[in-house]
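Take a look at the structure set out below.
The values are calculated or read from the model by the stated rules, or taken from the named source; none is laboratory data. The structure displayed is predicted, hence computed values, not measured ones. Ideal geometry is used to build each Cβ from the backbone, glycine not excepted, and the neighbour counts take in all protein chains shown. Surface areas here come from the heavy atoms of the whole protein model, side chains and all, with no ligands, DNA or RNA. Shrake-Rupley method; radii C 1.70, N 1.55, O 1.52, S 1.80 Å.
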Amino acid sequence: MSAQAKPRISMKAVLLSLLVLLANIAVHGSIFLFFRDSTLNPLLTAVFAVLWGVVGVYLIYYTFNWAVEQYPEQVRRKVLPFIFVGPATLVLGWLLILPALRTLYLSFFNASSDKFVGLANYAAIFTDRLLATALRNNLLWVFVGTLACVSLGLLIAILADRSSYERIAKSIIFMPMAISFVAAGVIWKFVYYYQPGDEQIGILNAIVTFFGGEPQAWTSMLQPWNNFFLIIILIWMQTGFAMVIFSAAIKGVPEDILEAARVDGAGEVKIFFGIMIPYISSTILTVTTTIIVFTLKIFDVVMVMTGGQYDTEVVATQFYRQFFMYRNFGYGSTLAIVLLIAVLPVIIINLRQFRKQGGF
Amino acid sequence: MVGRKKRKGNKTVVNIVLGIICFIWLLPTLGLFISSFRPAADILQTGWWKVFPHQEWKAGESLQLSKEVDLREPIEVNGKTYTDDQLKAGVTEGDHRLVWENRRARTVNVQERGWEVKPDFTLDNYKNVLSGKEYKLKLGDGSETVQKGTGLSQAFWNTLTIAVPATIIPVLIASFAAYAFAWLRFPGRKTLFVIIIAMLVIPIQVALIPILKDYTALGLNGSYLGIWLAHTAFGLPLVTYFMYNFISQLPKDLFESAFIDGASHFTIFSRLILPLSVPALASIAIFQFLWVWNDYLVSLIFIGNQPNVQVMSMKIADLVGSRGNDWHLLTSAAFISMLMPLTIFFLLQKYFVKGLMGGSVKG
């Protein structure tokens, strides 16, 4: 009884755990320095780096767990959870939460972040023509892109559900998800390619000339419609995502409800709008939020296709430009915060949805 | 059953519509794929679809016009008259086409329509992109040196070195955290978890500037560790959320008995939870891997322009910028960069799809 009342923490345990902490820092620190200054063969570096990255993390947990096990049960039970969630919290805190707060702070300062300017940056964003164009384009991306992805995804999911080659069709539509935006940029640059003269090597212009039209420089000269040609790339890439999830949701609609409706003489269109859509409404909401969040952050497509020229700038590319080319930390931070404000409602909806699903 | 039969009538229409959509979806990639095997000159001269059999005008016999013909007047060929402009562009006459062969020599070519295929394929584009093109430089003293441009192979290894740990580290960290959130009780558990969930939708742009400052101060810029950590942080919320959904669903009595047997949480996690979570781990790992492999913005910012650590997406973006018209290099480079994700996609499609749905389809 008396042994359980107060756990005795031995000096040895304290020393050992301190040692483990220091050893971890020393070992990983020196490996890091070794790689930074190494001139090894790239293949060898790759192998060692991967080994370090993979084994190293596990070893951190392992050694800390070992250190905690030197302590009595009561202490162990209190400390262990923090060893489990500690790394996640540290990484997120250092690289996501803290930076967000620091960016907010910087957004109230001038270009070189040495003078407090209040809300001047925010005012500038909505009046500066370039920045306003970026905001306008982002809205365009969010509305057109999301609407098209969601409705096309739903349409294809339903068509595939009734077709005889569902799996192949779904693979084809879904495939662009695996392609990087940069590669997709190359693919679509080639589709939209324009060369003055009669032989067109870009397929879109070839089709246009085949039907007797004039070839166009789709992504540059056709302002502001060029934005739509960039958005098509997003639609091409993201519709597959919406489709896969809708497809799963549609298969979850109980067959007997559909049968009952059919017996009552409801047409397919009526069944679709009257039964399917309401039934999968929460899925539609999740997919829509995901795609909205995604489109708000769109960067790579614009960067690769036009570099933000010809009035195709979006917030993320403007952010990059302000920060890295104009060295305007104030504008850069403000643009990031505006993005954050734009997704705030989405965060709230997501959290609410999460609570409804019974998580916590 | 009645319903299924009733719908059979529409099935042809459904199949056709879906077929057209699939064709449109596939077309851009197909074009890239075919072009990447065509000789550089061919790509610039003819569309990639010309590799398929198609009808084209082919040179036939040539007609010699007499020297007296005035080229400014209507020109008589075979009893019909044409203008000079018409002959320049080519005029169709029945199943033939007349076009100047050599205006000065006054020869007109009678072309015939016929099937043609352009089957020239080459692997040179890939060779050039992978190993770097060789340039011959003449030095001031007349001697020649051969310099090799940088290829994609270095970038390929860099991408792999970044992507593998940047996949495993967050998945491991997130699994530990998810286990604690699901099965351990500790103060601040709920708050911490809700914060992590909220992080799901935070745009990473918000974090880039301060991280870059810290990295510069710590010497982490352009290092593997730095970029692993960045990808870990940006992927962690989703992976934690996903792993929590899975781990919290595991039956409790499964590890209660292990606990009674004296196993520690760490042992239970490594010996029991991790092996049981393999399907979930695989699906979310594929997702994270593709995300890191395809990433451009994060690498662009934290790697900068140090050529020895550049990743493939940066190389290709550079190619697009600097050699916008070198389609033979662009198409093959893009295809090489797609090879890994596409292979993973087709091999592990089932898991990948599951990974997507895990976080999205519920309720």
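Assorted remarks:
- Modelled spin labels at residue B:274 and residue A:73, positioned 7 Å past Cα toward Cβ, are 2.7 nm from each other.
- Remark: the protein assembly as shown is approximated by an ellipsoid whose semi-axes, taken from the C-alpha gyration tensor as √(5λ), come to 54, 33, 25 Å, largest first.
- Chain A: most fluctuating residue of A:309, A:318, A:70 per GNM, C-alpha cutoff 10 Å: A:70
- The residues A:27, B:201, A:208, sorted by heavy-atom accessible surface at 1.4 Å with ligands and nucleic acids left out, run A:27, A:208, B:201 from largest to smallest.
- Prolate/oblate/rounded call for the stretch A:80-183, Cα gyration tensor, a/c under 1.5 rounded: oblate
- Accessible area, probe 1.4 Å, largest first, for residues B:228, B:57: B:57, B:228
- Nonlocal amide H pairs with residue A:109, under 5 Å, H built at 1.01 Å: A:117
- Pair residue B:190, residue A:115: separation of 7 Å Cα→Cβ label points (nm): 4.8
- Residues in the stretch A:281-295 that a label on residue A:143 would reach, taking backbone N under 17 Å of a point 7 Å out along Cα→Cβ: A:292-293, A:295
- Solvent-accessible surface (1.4 Å probe) assigned to residue A:251 amounts to roughly 110 Å².
- Those residues of the stretch B:102-117 whose amide nitrogen sits under 18 Å from the label point placed on residue B:84, 7 Å along Cα→Cβ: B:102-109
- Accessible area of residue B:127 (1.4 Å probe, protein heavy atoms only, ligands and nucleic acids ignored): about 130 Å².
- For residue B:58, residues with placed amide H under 5 Å, excluding near neighbours: B:112, B:113, B:114
- Rounded to the nearest 10 degrees, the inclination of helix A:146-162 to the longest alpha-carbon principal axis of chain A is 80 degrees.
- Cα shape, the stretch B:174-275, gyration tensor, a/c 1.5 rule: prolate
- Separation between Cα centres of the stretch B:154-217 and the stretch A:291-319, rounded to whole Å: 24
- Accessible area of residue A:214 in the full protein assembly, 1.4 Å probe (Å², nearest 10): 130
- The helix-based estimate of mean residue ellipticity at 222 nm for chain A, built from -39,500 (n - 2.57) per DSSP H run of four or more residues and divided by its residue count, is -22000 deg cm²/dmol to the nearest 500.
- The mean number of partner chain beta-carbon atoms within 10 angstrom of a residue's beta-carbon across peptide B:212-222 is 2.
- Remark: mean inter-chain Cβ contacts per residue of B:192-200 equal 6, using a 10 Å Cβ-Cβ cutoff to other protein chain atoms.
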